[in-house]
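S.K.: Please find one structure pasted underneath; my questions will follow.
Read the figures in this text as sums done on the coordinates, not as results from a lab. Quick caveat, the model's predicted, so the values are computed rather than measured. Heads up, the Cβs are rebuilt from the backbone with ideal geometry, glycines too, and the neighbour counts pull from every protein chain shown.
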Amino acid sequence: MPHDQASYLELLARGAAAEAYDRPGLLARASGAGPEALAALEHAKQLALRVRAELEGRRRREAELSALFETAHDLAGLRDLDAVLRAIVQRARSLLGTEVAYLSLNDPAAGDTYMRVTEGSVSARFQQVRLGMGEGLGGLVAQTARPYVTDSYFDDARFEHTRTIDAAVSDEGLVAILGVPLMLGSQVIGVLFAADRRARVFEREQVALLASFAAHAAVAIDTANLLGETRSALAELERANAIIQDHSGVIERASEVHDRLTELVLRGGGVHDVAAALSEVLHGTVEFTDIAPQSTSADGHASRHGDDWVAAVSAGGEVFGALVLRGHPDLDPVDQRTLERAAMVTSLLLLARRSAHDAEQRVRGELLDDLLDAPERDPRLLRERAARLRADLDAPHVVLAARIDGPGTDPGTRDGGARDGGAGGTRDPGASAARETADRQRLWSAASHLAATRSGLAAARDGGTVLLLPLGPGDTPADLARQTARQLGGTLRESVTVGASSPVASPADDPGPIGGAYAQARRCLDALRLLGRSGQGAAAQDLGFLGLLLADPGDIEGFVHRTIGEVVDYDRRRGTDLVGTLDAYFASGMSPARTKDDLHVHVNTVAQRLERIGRLLGPTWQSPARSLEIQLALRLHAMSAAVEH
């Protein structure tokens, strides 16, 4: 190695400042070094600076861990509660380098939290303030048992501002505040704060550091309380020692889980690695499943299902699956919380994986759009694009049309949109449109993930999502539609309706049939919704004679016109609703009395309308054969009207 490059090692060895790394290059340039030598020096400089940054980061982490361990050691040696609390706030202020640190404790009798110890505070009003549960940043931390941070307290609207609390904070001059809960098991006993009188952004590592310190602090507080009780009741010494040992075991196990999960994340482990690590910690069998039980809570809390415990893996209201601990009917709160934290880590891993797959999903959607919109594409190029996505377009495929059918949707409105006004609809068209857009995005995301796992394709289209999935051995299009409806519905926790086409032999050889298959799948989807089967999956062959018409429409318009065209034309000319009367008549079992109740008209009115229908359709219109054709024509007419709108 040239002497000038070796000088960077000397700089690293003596821990020189970053500015010193410019000197070798300046000296070389001054001595007339050539471009190649200068480039080599610049490269060596960049490498040295990267090594220096890594060393600095490690030294910082070692210093934080050392301070944390020293703090735990110091707290363990304290016995008086007041001394413990003062040591906690002093060390918290020192660890984060803030101007002020303080600690509040919960008062179960009063139902609020009060200021117990402060360090660096100058305001008497601030030192005596009390916060109701949910009030201010501290009250919110105490109520939710979660850390909260703000870089500008008075500009933050996430928590409830009260005149008393804001006045105390203003009197102290605080701006940036970080608060973490002091937890004993699942119980919040207080809040530990670090704050500055200037705007400041607390980094994630600082939040985690204070939270880790708070865990030690909570144990120290609890230990001090236990020792105080022991002095007043020596007879309970054995029980108090058992509690302390149990709490030490809790911290040790929590630390083990934290270390294992952190190691997994850092080395790029997956969800099944998390399940394996958790199996060792909990001494049981933990599995990850893509489909969580319907009764599983999505709020992050584990729940018992028979002899199993289940924690939903979810984020942003979307459920990705669940971690299931098998055969542990009696799970203590600490292990339950461990399962919940592992589920949270799993959700973060899946979100990161989803972000990485977003680009691939968009490429999958573009390929499917090309198959649908540009059937003249070169098959060779289509195969190459599909191969990069691990899709085999030479295998038989099925086209599926999917759409969310949540509350307030109506198969008679375009794209399943909500009615504006009226029962079951929204009164705010803007909110309805925003919800529909969000639902379509969620459906596309879930369908893209499903398509990727099945070596298929997915794209957003016509207010819903279209999927092109390979047909497995022994599967039918109907099986695939039902599986897809169940999986998408379970993921989104919404009712998802799926219509399937007939199989397409080889999309790569002849992309042309894909467009027709998509049209068939959409007709099947519309039929399911009109038949009141929203939330299900089916193919045309599941729908009987109606399915045959959907699979090969033929002259449906001519059939409708020949069967009930006279009635439809009469309504159009006169502005009447004989078609609606006819539909209600068949729906009521051909009973005029029940028909008049459904239509809210007099029975004579029903009789007059039926007489008019008889003159238009002929005397045999109520015979079994004619009535079957008329009812089918009414359904097809309703479907046609829904598609037009």
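S.K.: If we sort 187-197, 84-94, 362-372 on the protection proxy, mean other Cβ atoms within 10 Å, highest first, what's the order? Show your work: numbers first, answer last.
M.R.: Numbers: 187-197: 22.8, 84-94: 20.6, 362-372: 19.1.
Ranking, from highest mean packing down: 187-197, 84-94, 362-372.
S.K.: Separate question: Rg(Cα) of region 556-644 divided by 2.2 N^0.38 Å?
M.R.: On the way: Rg = 12.4 Å, N = 89, 2.2 N^0.38 = 12.1 Å.
Ratio of Cα Rg to 2.2 N^0.38 Å: 1.02.
S.K.: Go through 593-599, 383-389 and give me the packing order, highest mean Cβ count within 10 Å leading. Present the calculation step by step, with values, prior to reporting the outcome.
M.R.: Values: 593-599: 16.7, 383-389: 15.0.
Answer by packing, highest mean first, reads 593-599, 383-389.
S.K.: State the dimensionless ratio Rg/Rh of region 97-222 (Rg: radius of gyration of Cα atoms; Rh: Kirkwood radius).
M.R.: Looking at region 97-222, the ratio lands at 0.92.
S.K.: Fewest first, what order do Val175, Val466 take by the number of other Cβ atoms within 10 Å? Working shown, then result.
M.R.: Values: Val175 19, Val466 27.
Lowest to highest Cβ neighbour count: Val175, Val466.
S.K.: Would you mind pulling out the separation of the Cα centroids of region 22-36 and region 97-172, in Å?
M.R.: 57 Å
S.K.: Can you put Phe202, Phe586 in order of Cβ neighbours within 10 angstrom, beginning with the fewest?
M.R.: Values: Phe202 21, Phe586 15.
Listing Phe202, Phe586 from fewest to most nearby Cβ atoms yields Phe586, Phe202.
S.K.: A further question on this structure: Between Thr289 and Glu263, what is the label-point separation in nm under the 7 Å Cα-to-beta-carbon projection?
M.R.: 2.9 nm
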